[in-house]
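Step one of this worksheet: look at the structure below.
The values are calculated or read from the model by the stated rules, or taken from the named source; none is laboratory data. As the structure is a prediction and not an experimental result, all values here were calculated from the model. In this analysis, Cβ positions are derived from the backbone assuming ideal geometry, glycine residues included, and neighbour counts consider all displayed protein chains.
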Amino acid sequence: MDNLDKQIRDALSPTDRALIGEPEDGLRADQLMLATFRTRNRFLTTLAFIYTFAFFGLSIWCAVRFFNATETKHLLAWGFGFSACMLAVAMLKMWFWMEMQRIAVTREVKRVELLTAKLLERLGQSP
């Protein structure tokens, strides 16, 4: 912690310090994942989660068909299908991780807002 962090911590009461926790404290990955299903976008998140499993299953099916194909034309088609499905899975997973990151950043911004409001209250200023 730098000097400013120490000053902020010293200005807070023990109750407020316990409320905001340590800067390193945060949600674990499983808690963040579950938190994405509790936001306003829970329908979209659920749909993306279902599509991710559907595209993964489809990619496995394409891979099995690829290894059973005998003609070059079929090999190319099933290989392209596998690649397209895995690309869709990768993009959906990236979107999901960005949603989790958004939730974590929003949580930290709210903690900073709380700290600022408490400090202003202690200094006798209104926000």
Could you tell me whether TRP78 is farther than 29 Å from LEU27 by Cβ, assigned to a helix (DSSP H, G or I) and not β-branched (Val, Ile, Thr)? yes
Only one of (1) more than 14 Å from the chain's Cα centre (by Cα); (2) surrounded by 14 or more Cβ atoms within 10 Å (Cβ to Cβ) does not apply to GLU113, and that is (2)
Being in a helix (DSSP H, G or I) and either at pLDDT 95 or above or touching a strand residue (DSSP E or B) at 6+ places or on another chain (Cβ under 6 Å) (or both) narrows TRP97, TRP61 down to just TRP61
> Would it be correct to say that CYS85 is modelled with pLDDT of 95 or more, part of a helix (DSSP H, G or I), in contact with a Gly (Cβ under 7 Å, 6 or more places away or on another chain) and surrounded by 15 or more Cβ atoms within 10 Å (Cβ to Cβ)?
Replying inline: no
Taking the stretch 29-48 and keeping residues over 12 Å from ALA104 (Cα atoms) and crowded, with 16+ Cβ neighbours inside 10 Å leaves THR45, ALA48
